[in-house]
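A short write-up of the structure that comes next.
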Amino acid sequence: MNETSLTEKSYFCALYDIIVMKRILSILFVFFAVVMTAVAQQRFTVDKETYNFGQIQWKKPATVQYTITNTGNQPLRLTNVAPSCACSVAQWTQTPIAAGGQGNITVEFDAKALGHFDKSIAVYTDTQSKPLYLHFIGEVVTQVKDFSRAYPYLMGEVRLDKNELEFPDSYRGEQPTLRIGVANLSARDYEPILMHLPSYLTMQSEPAVLKQSEHGVITLTLHTDKLKDLGWTESSVYLSRFMGDKVSDENEIPLSIVLLPNLSNVDVANAPAIQLSETEINLSAEPSNKKKVKYDIKLSNVGRSPLRIGKLQVFHSAVGVRLKKNVIKPGDEVHLRITIDRSKLNKKRHLRILLITNDPKQPKAIIHIN
């Protein structure tokens, strides 16, 4: 073989290698692009996919509320909620739901015909091309005889559809609402009233008076401009079960609210970003004879500007926290020391730690203690 043939052969081999390498790099680029898109994709869960109203009265609108939790690492927006029939009207959280935050979808169903029904709503988000379908079922009757399914919580001769109130994460200036379904099982007229309402809540009952076997709705409106502090606010309201009823543990309804900072004007590309080494603490993994348990969770700033921990809250006297500094430079980390006194866990309630930050993608971070 002459020198010219060898040179041509080497040239074509090199050209072939370059073409193969470009194809491999293209495939790898597409693969990593798909992976990174999946990692950053907003995801969410819902507290129930199907709600059973049980029996509802004809020509008496009934309401169901779904709680949406953003389990992704980016803000999530509900772009549309479409009921399957004109007999349903939906309202939903309009502002973006922060990572780890919650929003609500409220559907009012006004039955036009007697009998069993099976309806659905299509939930659209800004990241998924296909909707998630939620359902509600039940039976429309002229006279409700069984309230136990739709109103599972009994307080005296009154039944409720929920026994605690948790508003969706809210920003200053918003006025979100929560609805409580009420059914009157007594033989006398009943006026649904929530006692000891905090100044940041107002209520309205529809109808104002429930006759025997009637049901209605109490609507609570949260006025966020009247809340003093960011973060978690906890309180209780008390259902008046009869005329002259007093406040007691038996008619207490716990109430919780999370107020987040408004970070809509923050430059997201250069913002801080919080990262926790753990978000779950499993107490059962520790020796049972160990009274005090200590944990160190690494709190890092993987963003491009200083991270500020504006609020650090605990909700049980058994839990103690210590953070040496609340401003963390980009690339730095600090240890959050958590101490748990097991001897005080006889009334286990709200075992969680809340951090309010200036991270626009995660203004609320929660550490759960199980």
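The values are calculated or read from the model by the stated rules, or taken from the named source; none is laboratory data. Predicted, not measured: the structure shown is a model, and the values here were computed from it. Neighbour counts run over all protein chains shown; Cβ positions are idealised from the backbone, glycine included.
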Legend entry - Elements of type strands (runs of 3 or more DSSP E) contained in the stretch 35-132, each with 1 or more residues being among the hydroxyl-bearing types (Ser, Thr, Tyr) and modelled with pLDDT under 85: none
Inset, instruction - Please work out which residue is surrounded by the fewest Cβ atoms within 10 Å (Cβ to Cβ), limiting yourself to the stretch 56-65 and to residues that are over 13 Å from Asp161 (Cα atoms) and not charged (D, E, K, R). - result: Trp58
Legend entry - Options Val258, Val293; residue that is aliphatic (A, V, I, L, M) and over 30 Å from Met203 (Cα atoms): Val293
Legend entry - Selection from the stretch 273-321 of residues that are closer than 25 Å to Leu259 by Cα and small (Gly, Ala, Ser): Ala273, Ser277, Ser300, Gly303, Ser305, Gly310, Ser317, Ala318, Gly320
Legend entry - Residue list for the stretch 222-258, filter: out of contact with any helix residue (DSSP H, G or I) (no Cβ under 6 Å at 6 or more places or on another chain) and either among the hydrophobic types (A, V, I, L, M, F, W, C) or in the same structural domain as Ile309 (by TED's automatic domain parsing) (or both): Leu222, Leu227, Leu230, Trp232, Val237, Phe242, Met243, Val247, Ile253, Leu255, Ile257, Val258
Inset, instruction - Residues being under 20 Å from the mean Cα position of the chain (by Cα) and in a strand (DSSP E or B): count how many of those fall in the stretch 167-191. - result: 6
Inset, instruction - Would you be able to tell me the number of residues in the stretch 192-210 that are farther than 20 Å from Asp249 by Cα, in a loop (DSSP other than H, G, I, E, B) and of a type outside the set (Val, Ile, Thr)? - result: 4
Legend entry - Selection from the stretch 333-370 of residues that are part of a loop (DSSP other than H, G, I, E, B), surrounded by fewer than 14 Cβ atoms within 10 Å (Cβ to Cβ) and either at pLDDT 90 or above or in contact with a His (Cβ under 9 Å, 6 or more places away or on another chain) (or both): Lys347, Lys348, Arg349
Legend entry - Selection from the stretch 216-267 of residues that are surrounded by fewer than 17 Cβ atoms within 10 Å (Cβ to Cβ) and touching a Lys or Arg at 6+ places or on another chain (Cβ under 7 Å): Thr219, Asp225, Asn262
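Every residue, every condition in (1) assigned to a loop (DSSP other than H, G, I, E, B); (2) under 27 Å from Ala365 (Cβ atoms), yes or no:
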residue	(1), (2)
Gln212	yes, no
Thr219	no, no
Asp229	yes, yes
Glu234	no, yes
Inset, instruction - Could you tell me which residue of the stretch 136-153 is nearest to the chain's Cα centre (by Cα), considering only residues that are surrounded by 15 or more Cβ atoms within 10 Å (Cβ to Cβ) and assigned to a strand (DSSP E or B)? - result: Phe136
